[in-house]
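Here the structure comes first, spelled out in structure tokens, and everything after it is commentary.
The values are calculated or read from the model by the stated rules, or taken from the named source; none is laboratory data. Predicted model only: the values in this text are computed from it and were never measured. Ideal geometry is used to build each Cβ from the backbone, glycine not excepted, and the neighbour counts take in all protein chains shown.
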Amino acid sequence: MNAVADRFQAYLDDLARMLADLDPAERADVLDAVRGHLDDAVAELGHEPSAAEADAILLALGRPADIAAGAFDGARPRPVAPPVYVAPPRRPVLTGLWVPILVAVFLAAGVLAILVLPGILWLVGIVLLLASPLWTRSDKVIGVLCALAVVGLGLGGTIATISANVSAGSAAAGDPAPAPVETGGSFGFSGALIGVLGLATVAGLVWVLVRGLRAAMRR
Amino acid sequence: MVPSEEALLTQLRRGALEYCILATLREGERYGLDIARDLSADGVLLGGEGTLYPLLSRLRKNGLVDTTWVESPAGPPRRYYALTPEGRAALTQFTSAWLRFSAAVDTALEGKSR
């Protein structure tokens, strides 16, 4: 009986190996059923099978490879899911190339924010900048600082122009002009400050523009 | 190349064998060896008895048969297979489709040989 049991076990081991890639539940199911088949075949004999009887049982059962082939044969043509229409991903709002361009132009318009239309455009630029997902939070901070600087420069420039005109007018009217050295010094210092600030602002705006364009092109 | 008769049988079994298994359960539940003996008797439907079991497993997975363990008079408990209502309905459907199919094939083959 031991030799027969070994032979049956070897058969089941072969089958188990051949079913290794099958779904585990199905594999266990098939192996259990084949084991049950062998038990029943032995029980049917009513006595311990001889080697010849064991061979006959296994012969009727067929080669493990055939059982495995049957198991995989059914597993292969899995029901194919009907093709599902997948809508192409919609481009998120405010990520077009036009966004960074408008933002840069509108923020630059802030230099004339004292006038109504450029002021409105400037505000729109800030809203676009903050609303668009093209920029990171730090990009947005830089952008807003630049936008404020643009307005500051614009206002400062306007006031300076007006006051220069006023002092020129009063100088023409014969009022004593301020000391030239003092004026020159203060103008030199504030001029340099304005120049540096202006350059930094322009650089910041270009930075925001480039970052926005790059992000838009990546999408 | 002319396919061998065995290869043709393998192809033909594919669509029909699962329903033949269902048909063996029409009168009531049966255990694996019993079904296997029945279907492999003439060697046409089942090549080896063992090829029954992957099919039974699939039928069970698809809800067309159900299994129960029943104490056996000799040996360990046996797993019995029975038709589910879905299995019975599938068998009825197949029987009607098969009658039409086989009649059409018969007619075509007979017409050809005439």
From A:Arg219, A:Arg214, residue being closer than 30 Å to A:Ser138 by Cα and either at pLDDT below 80 or surrounded by fewer than 10 Cβ atoms within 10 Å (Cβ to Cβ) (or both): A:Arg219
Residues being assigned to a helix (DSSP H, G or I) and surrounded by fewer than 17 Cβ atoms within 10 Å (Cβ to Cβ) - total across the range A:17-32: 5
Unmet requirement for B:Leu22, which otherwise passes all of (1) within 13 Å of another protein chain (Cβ to nearest Cβ); (2) more than 19 Å from A:Ile67 (Cβ to Cβ): (1)
Extreme residue, surrounded by the fewest Cβ atoms within 10 Å (Cβ to Cβ), among residues of the range A:54-66 that are over 60 Å from the mean Cα position of the chain (by Cα) and either within 8 Å of chain B (Cβ to nearest Cβ) or among the aliphatic types (A, V, I, L, M) (or both): A:Ala56
Residue count, the range B:11-31 (criterion: under 23 Å from A:Leu59 (Cα atoms), touching a residue at least 24 places away in the same chain (Cβ under 8 Å) and more than 12 Å from the chain's Cα centre (by Cα)): 2
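Being over 24 Å from B:Ala97 (Cβ atoms), at pLDDT 90 or above and not small (Gly, Ala, Ser) narrows it down to one residue among B:Asp34, B:Asp38; which is it?
Numbers: B:Asp38 fails: over 24 Å from B:Ala97 (Cβ atoms).
On inspection, the qualifying residue turns out to be B:Asp34.
What are the residues in the range A:104-160 that are among the basic types (Lys, Arg) and out of contact with any helix residue (DSSP H, G or I) (no Cβ under 8 Å at 6 or more places or on another chain), if any?
Restricting attention to the range A:104-160, the residues satisfying the condition of being among the basic types (Lys, Arg) are A:137, A:140.
Scanning the range A:104-160 gives a single hit, A:Arg137.
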Residue in the range B:49-71 that is out of contact with any strand residue (DSSP E or B) (no Cβ under 7 Å at 6 or more places or on another chain) and surrounded by fewer than 12 Cβ atoms within 10 Å (Cβ to Cβ) present: yes
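Is one or more of the residues making up the range A:178-189 of a type in the set (Asp, Glu), at pLDDT 85 or above and part of a helix (DSSP H, G or I)? Steps first, answer last, please.
The initial filter retains those residues of the range A:178-189 that are of a type in the set (Asp, Glu), namely A:182.
Retained after the next criterion (residues that are at pLDDT 85 or above): none.
No, every residue in the range A:178-189 fails to be of a type in the set (Asp, Glu), at pLDDT 85 or above and part of a helix (DSSP H, G or I).
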Conditions (1) over 27 Å from A:Ala56 (Cβ atoms); (2) among the small types (Gly, Ala, Ser); (3) within 7 Å of chain A (Cβ to nearest Cβ): number failed by B:Gly87: (3)
Matching residues, the range B:84-101, being touching a Gly at 6+ places or on another chain (Cβ under 9 Å) and either among the β-branched types (Val, Ile, Thr) or in a strand (DSSP E or B) (or both): B:Thr84
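If the requirement is being of a type in the set (A, V, I, L, M), in a helix (DSSP H, G or I) and exposed (fewer than 12 other Cβ atoms within 10 Å of the Cβ), which of these qualifies: B:Ala23, B:Ala104? Let's see the steps before the verdict.
Working: B:Ala23 fails: exposed (fewer than 12 other Cβ atoms within 10 Å of the Cβ).
Result of the check over B:Ala23, B:Ala104: B:Ala104.
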Restricting the range B:39-48 to residues that are within 14 Å of chain A (Cβ to nearest Cβ) and over 13 Å from A:Ala60 (Cβ atoms), the residue that is surrounded by the fewest Cβ atoms within 10 Å (Cβ to Cβ): B:Asp42
Flag if B:Glu6 is more than 10 Å from chain A (Cβ to nearest Cβ), acidic (Asp, Glu) and in a loop (DSSP other than H, G, I, E, B): no
Odd one out for B:Ile21, checked against (1) in contact with a Ser or Thr (Cβ under 9 Å, 6 or more places away or on another chain); (2) at pLDDT 95 or above: (1)
Subset tally (residues that are outside any helix (DSSP H, G or I) and either within 11 Å of another protein chain (Cβ to nearest Cβ) or of a type in the set (Asp, Glu) (or both)) for the range A:33-53: 3
